[in-house]
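K.L.:
Questions regarding the structure given below will be posed in turn.
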Amino acid sequence: MKTIWFDATFGRPWVITLENLFSMRKESEPFLRHIYAVSKPKEQDPSWISKLDENEFIIISGDRGNKKPRLPQICREKQITHIILSSTVHHSSRFERARAIIMLWPHLLETFEAPSGSRFQIEKSGVDYALIPKN
């Protein structure tokens with residue numbers, strides 16, 4: 001089961017709204033989920049990440065790595081493909097972040113084919129958005 005998990009930097013109502021929007025697709029996967037479906041607020045990243053048991057999943061995070069251990073570092077160590085928002089996208093409105101996810105949907109699906117532990121970043125590119133591979 002392919003799943004895209006959004007971390008706590010995305011509000012749960014925001015993710016539920018996206019879930020409802022994407023439920024109109026013909027394909028049932030990937031599913032969109034918020035981490036609060038498996039964790040509690042303020043739960044540390046290593047704890048909730050260990051609860052994810054889907055066969056295939058990626059994590060999308062607005063975490064800029066200010067807390068330790070840093071989410072990108074944890075994902076790298078556990079070989080979890082993840083997508084981080086650039087600072088510009090992270091500080092944009094909820095509508096703009098949703099627009100970025102919708103615009104980049106075909107590219108987000110391609111990340112499931114990337115090697116485990118790959119990291120990508122959503123960046124603003126003029127009036128559009130781009131998904132950029134990162135090391």
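K.L.:
Given the criterion on the phi > 0 side of the Ramachandran plot, without any contact (Cβ under 8 Å) to a residue 40 or more places away in the chain and either under 14 Å from the mean Cα position of the chain (by Cα) or not in a helix (DSSP H, G or I) (or both), identify the matching residue among Gln121, Gln79.
P.N.:
Working: Gln121 fails: on the phi > 0 side of the Ramachandran plot.
Just a single option satisfies the conditions, and that option is Gln79.
K.L.:
If the Cβ limit is 8 Å and pairs must be 6+ apart or interchain, which residue in region 91-107 that is charged (D, E, K, R) pairs with which residue that is surrounded by fewer than 14 Cβ atoms within 10 Å (Cβ to Cβ)?
P.N.:
Arg94/Gly11
K.L.:
Quick check on Pro72: is it assigned to a helix (DSSP H, G or I), surrounded by 18 or more Cβ atoms within 10 Å (Cβ to Cβ) and modelled with pLDDT under 90?
P.N.:
Numbers: assigned to a helix (DSSP H, G or I): yes; surrounded by 18 or more Cβ atoms within 10 Å (Cβ to Cβ): yes; modelled with pLDDT under 90: yes.
Answer is yes for this residue.
K.L.:
Here is a follow-up. Thr88 versus (1) assigned to a helix (DSSP H, G or I); (2) under 18 Å from Ile4 (Cα atoms); (3) in contact with a Lys or Arg (Cβ under 6 Å, 6 or more places away or on another chain): which is the lone unmet condition?
P.N.:
Evaluating Thr88 over (1) assigned to a helix (DSSP H, G or I); (2) under 18 Å from Ile4 (Cα atoms); (3) in contact with a Lys or Arg (Cβ under 6 Å, 6 or more places away or on another chain) leaves (2) as the failure.
K.L.:
Moving to a separate point now. Given Leu32, Leu52, which one is surrounded by 15 or more Cβ atoms within 10 Å (Cβ to Cβ), free of Cβ contacts under 8 Å to residues at least 60 places away in the same chain, among the hydrophobic types (A, V, I, L, M, F, W, C) and assigned to a loop (DSSP other than H, G, I, E, B)? Outline the logic, then answer.
P.N.:
Numbers: Leu32 fails: assigned to a loop (DSSP other than H, G, I, E, B).
None of the others qualify; the one that does is Leu52.
K.L.:
I would also like to ask the following. Which one of these does Leu131 not meet: (1) without any contact (Cβ under 8 Å) to a residue 40 or more places away in the chain; (2) in contact with a helix residue (DSSP H, G or I) (Cβ under 6 Å, 6 or more places away or on another chain)?
P.N.:
With (1) without any contact (Cβ under 8 Å) to a residue 40 or more places away in the chain; (2) in contact with a helix residue (DSSP H, G or I) (Cβ under 6 Å, 6 or more places away or on another chain) applied to Leu131, the lone miss is (1).
K.L.:
In the list Phe95, Phe10, which residue meets the criterion of being in a loop (DSSP other than H, G, I, E, B), within 30 Å of Gly126 (Cα to Cα) and of a type in the set (Phe, Trp, Tyr)?
P.N.:
Phe10
The values are calculated or read from the model by the stated rules, or taken from the named source; none is laboratory data. Fair warning: this is a prediction, and the values are worked out from it, not measured in the lab. With ideal geometry, Cβ positions are generated from the backbone for all residues, glycine too; neighbour counts draw on all protein chains shown.
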